[in-house]
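This is the structure I have questions about; it appears just below.
The values are calculated or read from the model by the stated rules, or taken from the named source; none is laboratory data. Fair warning: this is a prediction, and the values are worked out from it, not measured in the lab. Neighbour counts are summed over all protein chains in view; Cβ atoms, including those assigned to glycine, are modelled from backbone coordinates with ideal geometry. Note: areas computed on protein heavy atoms with side chains; ligands, DNA, RNA excluded. Shrake-Rupley method; radii C 1.70, N 1.55, O 1.52, S 1.80 Å.
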Amino acid sequence: MGKKITDKVTWVGKVDWELNYFHGHEYSTSKGSSYNSYLIRDKKTVLIDTVWLPYDQEFVSNLKKEIDLKEIDYIIANHNEIDHSGALGELMREIPETPIYCTANGAKIIKGHYHQDWNFVTVKTGDTLNIGESTLTFVEAPMLHWPDSMMTYMSGENILFSNDAFGQHYATESLYNDKVDNCELFAEAIKYYANILTPFSRFVTKKIEEVLSFNLPLNLICTSHGVIWKNEPAQIIEKYMEWANNYQENQITIIYDTMWESTRKMGEAIAKGIMETDPSVTVKLFNASKEDKNDIITEIFKSKAILVGCPTVNNGLLHSIAGILEMAKGLKFKNKKAAAFGSYGWSGESVKQLTEKLKDAGFEVINDGIRSLWVPDCDEVTKLVDYGKSYVSMLK
Ligand code: FEO
């Protein structure tokens, strides 16, 4: 059911408490998500975005309780990934002539997904739509995070409908950022940035600088996932500027997989060496086969350096480590140092392969890594502790 945000704007989206994965199984959503859609009632009536396809009938049925669909003058499709455009088919069956405002790329994407030639009105940055007391201004935001992405600013109410930008996969019935657990909220916001927006960071910085240069008053940022930023909405903009600027904390993350615990013991000995040399640094260890992959990516995002460990198996790597490094490569992390480690019994190629993959993924590899034959004994553990000490010294 709808939730009133201002006199003119009502939230008409779907909170999805059950969602465990997003983008297929590529993104874990342990806190669920929401697909936020907004109904604006001024002299004209406008619907901004819809919801994910499985909820299309529920969405349209609820929308009918808010308004006679024939009263909708315009639909604005800020971004047309299926989680936002999924209910268009169901909606357009009822109001097929209603104009859909979107970018030129948006029209192509909608046609490609739904194979319908609806009444598209393509817009560019600076184009406006007067709807009565308020005016809507469109701001293209290509690659934040799709080619079609745009934002819509509503004057008078001073609302930025930002779509995916500033969002989080976070289910809440409370709508606003000051009504939820802020530890959870920011954990989901940084996870979202790390796993989705990292490769587009230079566009994030440019777009935010452009939007700020308009000096528009801002009361609310209405995202398409998670909370509406109502209390100090600029705080999430400031966070994005920080995250987009080669973000790192004083953290070293050790990611490994292990078959018979030798590589785990190596990682723990290296961690000991790091902590003995620099107690101020946060060291975290994750077994990639047990820990959530997107949480590991978030920890890499927060790190100034990482170590990746894997035993050699069948002349190669374990799949969990290969998978994490493939994800990291796509995300194009910048300004992070790295090295590799791993146990072996005979051929022992893993460290060399890890080193190459780390370089390929854009990490600055600071040494050739370290290997241990079979199970590390006391002397080997001492060597690994010393390696940890030298690793942290090399970061300075
Ligand atoms: Fe929330 Fe890019 O879709």
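How do the pairs read when you match residues in the stretch 367-396 that are touching a residue at least 40 places away in the same chain (Cβ under 8 Å) with residues anywhere that are surrounded by fewer than 20 Cβ atoms within 10 Å (Cβ to Cβ) and of a type in the set (S, T, N, Q), using Cβ under 6 Å and keeping only pairs 6 or more apart or on different chains?
Listed by first residue and then by second, the contacts come to K389/T277; V392/T277.
Each row is one residue, and each column tells you yes or no for (1) open to solvent by 10 Å² or more (accessible area, probe 1.4 Å); (2) farther than 19 Å from L160 by Cα; (3) within 14 Å of the ligand (Cβ to nearest atom).
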position	(1), (2), (3)
L39	no, no, no
D42	yes, no, no
L47	no, no, no
P54	yes, yes, no
K70	yes, yes, no
I75	no, no, no
R93	yes, yes, no
K108	yes, yes, no
H115	yes, yes, no
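Kindly provide the set of residues from the stretch 253-267 that are among the charged types (D, E, K, R) and open to solvent by 30 Å² or more (accessible area, probe 1.4 Å), ordered by number.
Scanning the stretch 253-267 gives E261, R264, K265.
For the stretch 268-295, give me each residue that is in a helix (DSSP H, G or I), open to solvent by 20 Å² or more (accessible area, probe 1.4 Å) and among the polar types (S, T, N, Q). First the steps, then the outcome.
Step one: filter the stretch 268-295 for residues in a helix (DSSP H, G or I), giving 268-277, 293-295.
Subset that is open to solvent by 20 Å² or more (accessible area, probe 1.4 Å): 268, 272, 275-277, 293, 295.
Selection gives T277 alone.
Do we find that I228 is within 16 Å of the ligand (Cβ to nearest atom) and within 20 Å of V139 (Cα to Cα) in this structure?
On the way: within 16 Å of the ligand (Cβ to nearest atom): yes; within 20 Å of V139 (Cα to Cα): yes.
Considered against the rule, which asks whether it is within 16 Å of the ligand (Cβ to nearest atom) and within 20 Å of V139 (Cα to Cα), I228 comes out as yes.
Let me ask something else. Which residues, counting only those in the stretch 296-329, are in a helix (DSSP H, G or I) and open to solvent by 60 Å² or more (accessible area, probe 1.4 Å)?
Selection gives H319, E326, K329.
Quick one: L88 ticks every box in (1) over 19 Å from M1 (Cα atoms); (2) of a type in the set (A, V, I, L, M, F, W, C); (3) within 16 Å of the ligand (Cβ to nearest atom) except a single one, so which number is it?
Of the numbered conditions (1) over 19 Å from M1 (Cα atoms); (2) of a type in the set (A, V, I, L, M, F, W, C); (3) within 16 Å of the ligand (Cβ to nearest atom), the odd one out for L88 is (1).
Sticking with this one: Counting only residues that are out of contact with any helix residue (DSSP H, G or I) (no Cβ under 6 Å at 6 or more places or on another chain) and under 24 Å from T103 (Cα atoms), how many does the stretch 168-190 have?
0
Among the residues of the stretch 159-172, is there at least one that is out of contact with any Asp or Glu (no Cβ under 8 Å at 6 or more places or on another chain) and in a helix (DSSP H, G or I)?
no
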